[in-house]
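The values are calculated or read from the model by the stated rules, or taken from the named source; none is laboratory data. Note that this is a predicted model, so its numbers are computed, not measured. Reconstructed Cβ throughout: ideal geometry from the backbone, glycine too, with neighbour counts over all protein chains shown. For the accessible areas, the whole protein counts, side chains as well, though only heavy atoms, and no ligand, DNA or RNA atoms are used. Shrake-Rupley method; radii C 1.70, N 1.55, O 1.52, S 1.80 Å.
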Amino acid sequence: MANYLDKVKHIILVASGKGGVGKSTVATNLAVALTREGFSAGLLDADLYGPSVPLTLGVSDQHPQVEKKEEEEAIIPISRYGVKTMSLGLIMKKEDAIIWRGPMASKVLTQLLENTVWGELDYLVIDMPPGTGDICITLSQKLPQAKAIIVITPQQMAVADGRKAANMFKTEKIDIEILGIVENMSWFTPEKHPDEKYYLFGNGGGIELAKELRCPLLAEIPLVSDVCELGDTGKTVFASNSKLIVQAFEKLVNKISK
Ligand SMILES: Nc1ncnc2c1ncn2[C@@H]1O[C@H](COP(=O)(O)OP(=O)(O)OP(=O)(O)O)[C@@H](O)[C@H]1O
Ligand SMILES: [Mg+2]
């Protein structure tokens, strides 16, 4: 079978133990930030039960072409902001609820990963579903060379769940290297008070987990009021009124690519 992952240099899994901490936001904007720094990047949405990437990249109305090559299907990814992307949300109808059991989900994910014609990529970023489950196991077995970023928010509950996710990557069965921690929604700076920082969800969770896991804290991303609306309308953080969030993603790319 054709191996479309052959020319992909680095694979980054964006994971967390807890839902809603910003994996899809970080994964999407990391992929876009990489292209802005001159790297070629792809973005695979591995959250089969709640795909977000069609929305965050603003490609919900697009459908990938599927070509039959001998007995195999080759899926042509959709491109946006220079990022090649694939998501089950681009293939299924929006209203179709997905009720597969684990083995079926793993099979579908494997097809999205292996049948998509990624071409030459410096980075393939993978937006993971929340928690620790079948999808993580499948991906780690298919992609032993991948490295994981753990996204947390500063609150203790998210740190505890981040620790669980990290422990899963470190098990013998999975054994994926952890590239580092990204702390999201770290602080809030009001536009009118640019010198102030409010730590709405607590302070220091990212540093604490990074120390404990002996890995770097790759970024602290501020909570910014227009990010939610930008994500919902397919715009990236690079269209934000806040320079702080743009700088945070630029720093993240810098740390990852050096
Ligand atoms: N730094 C930020 N500032 C403001 N809002 C943010 C930030 N990061 C994420 N959000 C918002 O928080 C919500 C959750 O983010 P997102 O969907 O990226 O999380 P997730 O971890 O992928 O969730 P799930 O576990 O459901 O997949 C979204 O509405 C998103 O726009
Ligand atoms: Mg998500």
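Of note:
- For the stretch 34-50, putting each phi into the Karplus relation 6.51 cos²θ - 1.76 cosθ + 1.60 with θ = phi - 60° gives couplings of 4, 5, 5, 8, x, 8, 8, 9, x, 9, 9, 8, 9, 8, 5, 7, x Hz, in residue order, rounded to whole numbers and with x for Gly and Pro.
- Cut-off 12 Å between beta-carbons: net charge of the residues surrounding residue 125, Lys and Arg +1, Asp and Glu -1: 0
- Whether the stretch 1-140 is rounded, prolate or oblate, judged on the alpha carbon gyration tensor where a/c under 1.5 counts as rounded: rounded
- Where labels lie 7 Å past Cα in the beta-carbon direction, separation of residue 196 and residue 74 in nm: 5.8 nm
- Rg and Dmax, both from the Cα atoms of the chain and both in Å, are 17.6, 61.
- Charge dipole (debye, nearest 20) of the stretch 8-257; +1 at Cβ of Lys and Arg, -1 at Cβ of Asp and Glu: 400 debye
- Simple spin-label estimate for residue 142 and residue 258 gives 3.3 nm between the two label positions (7 Å along the Cα-to-Cβ direction from each Cα).
- Extension gain, residue 214 back to residue 189 (0.36 nm per residue minus Cα-Cα distance, nm): 6.1 nm
- Phi to ³J(HN,Hα) by Karplus 6.51 cos²θ - 1.76 cosθ + 1.60 over the stretch 186-201, Hz, x for Gly, Pro: 5, 7, 10, 10, x, 4, 7, 10, x, 8, 9, 10, 10, 8, 5, 10
- Charging the Cβ of each Asp and Glu at -1 and of each Lys and Arg at +1, and nothing else, the dipole of the stretch 1-127 about its Cα centre rounds to 360 debye.
- Summed side-chain charge close to residue 78 - residues other than residue 78 whose Cβ falls under 14 Å, Lys, Arg +1, Asp, Glu -1: 0
- The portion of the accessible surface of the chain made up by carbon and sulfur, rounded to a whole percent, is 50 (1.4 Å probe; DNA, RNA and ligands excluded).
- Among the listed pairs 23/197; 164/211; 9/211; 93/147; 23/192; 107/142, those beyond 21 Å (Cα-Cα): 23/197; 9/211; 93/147; 23/192
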